[in-house]
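Heads up: the structure comes next, in structure tokens.
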Amino acid sequence: MTNEEMLEYVVSSIRRIRKAKNMSQLDLSIRANMSQSFLANLETGKKEPSAMTLIRIAEALEVSPREFFPESTTESDINVKNEIKSEIIELLARL
């Protein structure tokens, strides 16, 4: 999976989970403490989320950040997920 495909998967997952929880972009932006325009740009792929942004969105949606990522089957996908996981764990440790 390319970086672009991974980004599309992540933002699609955010949108899918948000809609499944019957939340508007405004609802999610308020709960995640970010602007609605930023969230809209994120969901349309105009902005790329940082690890901290993904954590805030996951907390607001009451899911694990893992829910945003596909299950990995190739070694390169596993390496990418492990790098992202390490970055998220490091950021969480700072909180």
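Quick look at the values:
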item: Residues (in a helix (DSSP H, G or I) and surrounded by fewer than 12 Cβ atoms within 10 Å (Cβ to Cβ)) located in the range 2-18; result: Asn3, Glu4, Glu5
item: Leading residue by the ranking (nearest to Leu95 (Cα to Cα)) among those in the range 46-61 that are part of a loop (DSSP other than H, G, I, E, B) and touching a residue at least 24 places away in the same chain (Cβ under 8 Å); result: Pro49
item: Residue ID - surrounded by the most Cβ atoms within 10 Å (Cβ to Cβ), chosen from residues in the range 21-33 that are within 15 Å of the chain's Cα centre (by Cα) and either outside any helix (DSSP H, G or I) or of a type in the set (Gly, Ala, Ser) (or both); result: Ser29
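Any read-out appearing in this document is the output of simple, stated calculations on the displayed coordinates, not a laboratory observation. The shown structure was predicted, so the numbers you read here are calculated from the model rather than taken from an experiment. Glycine gets a Cβ as well: all are built from the backbone with ideal geometry, and neighbour counts include every protein chain shown.
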